[in-house]
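Some notes on the structure that comes next.
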Amino acid sequence: MTLIDDNGAAAALGDKPVRHTPAAWTAAGVPASPATIDGEVWPGVAQPPSGAKAAVAGKAAGLLFKGAVKRLPLRVAYPDGSVLGIGGEDAPVMTMHRPEAFEARIGAYGLIGLGESFMAGDWEADDLAGVLEVFAASVGTLIPAPLQTLRSLYLPRTPRQERNAEQNTRSNISRHYDLSNDLFSSFLDETMSYSSALFPLQAGPLSSVGWDALAGAQAAKIDRLLDKAGVGAGTRLLEIGTGWGELALRAAARGATVYSVTLSSEQQALAQDRIAAAGYSDRVTVALQDYRAVEGEFDAVVSVEMIEAVGYEYWPIYFQTIDRVLAPGGRVAIQAITMPHGRMLATRNAYTWVHKYIFPGGFLPSVRAIEGVTQQHTTLRVRERMGMGDHYAATLRLWEERFLEASRDVGELGFDAVFQRMWLFYLCYSRAGFQSGYLDVQQIVLDRREAQL
C-alpha cells in the first residue's frame with residue numbers, strides 16, 4: 001500500500017499497512033477522521049499550520065472565505081450557530097467543526113487546504129459533491145481579481161520530481177494506479193473501467209441511473225471509440241494507457257492485434273491475467289513502457305483518459321508520437337477530460353490538491369489546446385468530437401456510492417479513515433466539476449485527411 005506525503009512523494013508503507021479501520025462514521029456515511037492523525041503518514045493533515053504568519057494568513061483567508069460564501073447558493077454553518085450563504089432549505093450545507101484550523105489551512109495552502117481540512121475533519125458535508133459544485137461553478141470569482149494575480153507568489157509550486165519527464169513519469173503513474181487493484185475493484189464495475197461511461201437513452205435519466213447500467217455503459221463507451229478508430233479484424237491497434245485491459249479485450253474480440261502500453265505494474269499484471277483468461281494472449285501485448293518509446297506502425301491508435309497524465313509541456317510529443325506510428329489512412333480516437341481554455345491558461349502553472357494527493361504531474365487540456373497542438377506539431381487534425389460531461393457526473397456518482405458502501409472492506413485492505421476521506425473528496429471534487437460544467441469529457445477523432453476547400 002502507498003500513501004502520499006506532504007511533498008507529494010509516495011510514502012511506501014511496505015509491510016506496515018495502516019489498519020485503522022474507522023470506528024465511527026458521519027451522518028452521511030463518511031468515515032470520521034480520527035481524533036489523532038498519524039503525522040508520519042499524513043504530515044500535511046495531522047496539524048494545521050501554526051505560528052504568527054499562519055495566524056495572519058488564516059485571518060485574512062477567513063475574511064475572504066466568509067465574504068465569498070455570503071453570496072453563494074449554499075449554507076455554511078459555524079459552531080456558534082451562525083450560518084452564511086444565500087442557499088435555501090434544500091441547499092447543500094457545509095458544517096464547520098474547527099473553523100480556525102480550516103482558515104489556517106486555506107490561508108497557507110489555498111485550495112490544497114480546502115481538501116486537507118476535509119481530510120482532517122475540520123468540516124463535513126452531507127452532500128459533499130453539492131458543496132463542491134457550488135465552489136466549482138464560482139471558481140473564477142471566489143478570490144477578488146487583484147488578489148488572484150498574487151497567488152503564485154505564495155502558493156506551493158510543482159515539485160521538480162513531478163514533471164512528466166521520462167525519468168519521472170513511471171513514479172507519477174505508480175503513485176495513483178499502483179495503490180491496489182483491490183482498492184479500485186471495490187468501486188469499479190466488473191469491466192474495471194476507470195473512465196467515463198456512455199449511458200444509452202434507455203438507461204433513464206442520468207441523475208438517477210443505477211449501478212446495473214454501468215457495465216453496459218462502459219462497454220458502449222469503448223465500442224464507440226473502437227468504431228470511430230475503425231478497429232476490426234486484422235487491425236493493428238496501439239492503445240496508450242492500458243487500464244485494466246477492457247478495451248484491449250474488446251478490440252481482440254473483434255479480431256484486432258493490440259499493442260497496449262502502461263506504466264502501472266499493478267494494471268499490467270491484472271490486464272494480462274484477464275487477457276489470458278479470455279484466450280487472447282496471442283493477440284494482445286501489454287507492455288510496461290512509456291508511450292514515447294513505442295515503435296512500429298499501427299492502423300489505429302486509441303487512448304482513453306490518458307492525456308490528462310501527460311502534462312502541459314509534453315502534449316506536443318504525445319501527439320507527435322501518435323502521428324509517427326500511425327499508418328497511412330489510419331485513425332485516432334481519444335477520450336479526454338477537458339476544461340475551458342481560459343481556465344486552462346490561468347491554471348497551467350498551479351499546484352493543486354489533486355496534484356499533491358491524487359494525480360502528480362497531471363493537467364487537463366482544453367479542446368482548443370488539442371486542436372492547436374495537433375495543427376502546430378503534427379499532420380493530425382480533429383475531425384469529430386462528442387461531449388459527454390453529464391455521463392461522467394453519473395459515472396462518478398455511482399463510484400462514490402459504491403466506495404462508501406465498501407468503506408469497511410477498504411479499511412480492511414489497510415486504507416485508513418484519512419485516506420478514505422481523501423478518496424471521497426477526490427470523487428466528489430471530480431463530480432462537482434462535471435455537474436457545474438467546469439469540466440467536460442470528449443471523445444475526439446483525428447486523422448490526416450486534407451482540409452476540404
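The values are calculated or read from the model by the stated rules, or taken from the named source; none is laboratory data. Nothing here was measured: the structure is a model prediction, and the numbers come from that model. Ideal geometry is used to build each Cβ from the backbone, glycine not excepted, and the neighbour counts take in all protein chains shown. For the accessible areas, the whole protein counts, side chains as well, though only heavy atoms, and no ligand, DNA or RNA atoms are used. Shrake-Rupley method; radii C 1.70, N 1.55, O 1.52, S 1.80 Å.
Would you mind computing, in nm to one decimal, how far apart the modelled labels at E384 and K53 are, each placed 7 Å from Cα along Cα→Cβ?
It works out to 5.5 nm between the two label points.
Which of V209, G433, Q289 sits closest to the plus end of the dipole of the chain, meaning its Cα is farthest towards the positive end, when Lys and Arg get +1 and Asp and Glu get -1 on the C-beta?
The residue sitting farthest along the positive end of the dipole is G433.
Out of the total accessible area of segment 263-316 (probe 1.4 Å, heavy atoms of protein only), what percent is carbon and sulfur?
Details: 1020 of 2210 Å².
For segment 263-316, the apolar C and S fraction of the accessible surface comes to 46 percent.
Could you give the angle, 0 to 90 degrees to the nearest 10, between helix 99-109's Cα long axis and the longest principal axis of the Cα atoms of the chain?
It is inclined by approximately 50 degrees.
Would you mind working out the accessible area per residue for the chain, using a 1.4 Å probe, and quoting it in Å²? Working shown, then result.
Working: 19350 Å² over 453 residues.
Result: 43 Å² of accessible area for each residue.
For A253 paired with Q376, estimate the spin-label separation in nm (one decimal), with each label point 7 Å from Cα along the Cα-to-Cβ line.
4.1
Which angle from 0 to 90°, rounded to the nearest 10, does the C-alpha axis of helix 128-137 make with the longest principal axis of the chain?
80
Could you tell me what % of all Cα pairs in segment 377-453 have separations over 17 Å?
On the way: 1748 of 2926 pairs.
In whole percent, the long-distance tail amounts to 60.
How large is the charge dipole for the chain, taken about the Cα centre, if only the Cβ atoms of Lys, Arg (+1) and Asp, Glu (-1) carry charge, to the nearest 20 debye? Please report the intermediate quantities before stating the final value.
Numbers: 41 positive and 50 negative charges, 285 e Å.
Approximately 1360 debye in magnitude.
Amide H of H97 versus every other amide H placed in the peptide plane: which residues, excluding those fewer than 5 positions away on the same chain, fall under 5 Å?
For H97, the qualifying residues are W123, E124.
Starting from a Cα-only point model with no solvent, please compute log10 I(q)/I(0) by Debye for segment 216-284 at q = 0.13 1/Å.
-0.31
Starting from the Cα gyration tensor of segment 249-289, take the square roots of the eigenvalues, sort them a ≥ b ≥ c, and report rounded, prolate or oblate (rounded when a/c is under 1.5, otherwise prolate if a/b is larger than b/c, else oblate).
On the way: a/c = 2.52, a/b = 1.52, b/c = 1.66.
Oblate shape, in that a/c is at least 1.5 and b/c is the bigger or equal ratio.
What Kirkwood hydrodynamic radius do you get for segment 340-394 when you take the inverse of the mean 1/r over all pairs of distinct Cα atoms, in Å? All intermediate terms of the calculation are to be shown ahead of the outcome.
Numbers: mean 1/r = 0.0750 Å⁻¹.
So the Kirkwood estimate lands at 13.3 Å.
Using +1 at the C-beta of Lys and Arg and -1 at the C-beta of Asp and Glu, which of L128, I370, G115 has the Cα lying farthest in the positive direction of the dipole of the chain?
Going by the charge dipole, the pick is I370.
How large is log10 of I(q)/I(0) for the chain at q = 0.14 Å⁻¹ when the intensity is taken from the Debye formula with one equal scatterer per alpha-carbon?
The Debye formula, applied to the Cα set alone, gives -1.43.
Hey, rough spin-label estimate for D80 and A35, points 7 angstrom out along Cα→Cβ, what's it come to in nanometres?
According to this spin-label approximation, the distance is 2.6 nm.
Bin width 10 Å, alpha-carbon pairs only: give the P(r) of segment 294-437 as whole percents, running from 0 to the bin holding the largest distance.
Binned Cα distances yield the sequence 10, 34, 31, 19, 6, 0.
For S208 and S138, what is the calculated FRET efficiency with R₀ set at 25 Å and r taken between the beta-carbons, to the nearest 0.05? Write out the running numbers ahead of the final one.
Working: r = 26 Å, r/R0 = 1.04.
Computed FRET efficiency for S208 and S138: 0.45.
How big, in percent, is the set of alpha carbon pairs in segment 179-242 lying more than 19 Å apart?
Distances greater than 19 Å cover 44 percent of the Cα pairs.
Tell me whether segment 83-123 comes out rounded, prolate or oblate; compute the Cα gyration tensor, take square roots of the eigenvalues as a ≥ b ≥ c, and use a/c under 1.5 as the rounded threshold.
Working: a/c = 2.27, a/b = 2.09, b/c = 1.09.
Verdict is prolate for segment 83-123.
In whole percent, and with a 1.4 Å probe on the protein chains, what portion of the accessible area of segment 25-125 is carbon and sulfur? Spell out each step's value before the answer.
On the way: 2720 of 4750 Å².
Taking all protein chains in place, segment 25-125 shows 57 percent carbon and sulfur surface.
Report the extension gain between D223 and R343 in nm, rounded to one decimal, defined as 0.36 nm multiplied by the number of residues separating them, less their alpha carbon distance. All intermediate terms of the calculation are to be shown ahead of the outcome.
On the way: separation 120, 0.36 × 120 = 43.20 nm, distance 3.15 nm.
That pair, D223 and R343, stretches by 40.0 nm at full extension.
In degrees between 0 and 90, to the nearest 10, how far off the longest principal axis of the chain does helix 52-69 point, with axes built from Cα atoms?
Helix 52-69 sits roughly 70 degrees off the main axis of the chain.
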